[in-house]
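Notes for the one structure printed next.
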Amino acid sequence: VLSFRRRLALAHLGAIVVVMALAASAAYWVFSSTVHRELDAALLEVAQTEIGLQLAEGEGQPVVVHEVPTGPAPLSYVRIDRLVQIVDADGHVLARSVNLGHARLPIPAALRSRLMAGDTVFETLTGFGQEPTRMVSVPISGRSPLLAVQVAASLDDVNRVVTVASGLFLALGGALLLAVGAAGAVLTQRVFGAIDDVANVALTLAAFETNA
């Protein structure tokens, strides 16, 4: 059977573990959500910029994706930055960025229906390319026959950042848990030591009065 002192120390340590776990989970969720929101915002900005350029050219002009020319090195999906595609209402690809090569971003009927309704759609693609990919589809209004601009980017870097941050959170949490636990043990020992001293003094006084 554990003594009262040990039970109190274990209860104190358990409370610390629970608080640290909740704090670490909250920190992980906030950080992960922030990083993914920043990626979504970057994709949306690229799409809106491309839409502005398309509308500035007007109807009758050839539909092309406006991008910075690349060098002679072969492009790989693993190291590209942004994938851009322009589609019409039937799902036909009218233009795509060079880094897409012969691939095409998915544009199923359900997505086209939402775009025709004016919705901006974010989604995560798990079956495209070599890595999970985040994509935004933004409708275009004002230039026929364009329906939408789609912009996508790999989630590999985002997931790697979140994983590294999670490791740091765990390491810092473990170190803090050890430090707080050690401090709590020392404090508990001192408190019970003071209580023992008071009890010993009381017993001594009681024995003295009994003998007197």
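The values are calculated or read from the model by the stated rules, or taken from the named source; none is laboratory data. The structure displayed is predicted, hence computed values, not measured ones. In this analysis, Cβ positions are derived from the backbone assuming ideal geometry, glycine residues included, and neighbour counts consider all displayed protein chains. Heads up: the accessible areas ignore ligands, DNA and RNA and are worked out on the full protein's heavy atoms, side chains in. Shrake-Rupley method; radii C 1.70, N 1.55, O 1.52, S 1.80 Å.
I'd like to verify something in the chain: which complete DSSP H helices, judged by Cα projection on the helix axis, reach 24 Å or more and average at least 0.5 on the Kyte-Doolittle scale?
Working: long enough: 4-57 (80 Å, 0.77); 156-211 (81 Å, 1.07).
Helices meeting the criterion: 4-57, 156-211.
Simple spin-label estimate for ASP81 and ALA42 gives 0.9 nm between the two label positions (7 Å along the Cα-to-Cβ direction from each Cα).
The GluC sites (Glu not before Pro) found in the range 1-59 that occupy coil by DSSP, while having at most 12 further C-beta atoms within 10 Å, are GLU59. Fully extending the segment from MET116 to ILE195, taken as 0.36 nm per residue of separation minus the present Cα-Cα distance, adds 20.9 nm.
The accessible surface of the chain, taken with every protein chain in place and a 1.4 Å probe, is 65 percent carbon and sulfur. Here the label points at ALA89 and ALA179, each 7 Å from Cα along the C-beta direction, are separated by 6.3 nm in the simple model. In this view, the solvent-accessible surface of ASP81, computed with a 1.4 Å probe and all protein chains in place, comes to about 100 Å².
In percent, what relative contact order does the chain have, based on Cα pairs under 8 Å that are 6 or more apart in sequence?
Working: 225 pairs, mean separation 50.1, N = 212.
RCO, the chain: 24 percent.
Solvent-accessible surface of the chain, averaged per residue with a 1.4 angstrom probe and all protein chains in place: 62 square angstrom. Test of understanding: extend the Cα→C-beta vector of THR124 to 7 Å, then name every residue of the range 37-63 with backbone N under 16 Å from that spot. Correct set: 37-41. In the assembled protein chains, HIS12 presents an accessible area of approximately 80 Å² (probe radius 1.4 Å).
The simple Förster model, with R0 at 35 Å and r as the Cβ-Cβ distance, assigns LEU55 and TRP29 a FRET efficiency of 0.35.
The range 17-49 and the range 150-181 have Cα centres spaced 11 Å apart. In angstrom, the C-alpha Rg and Dmax of the range 79-137 are 11.5, 34.
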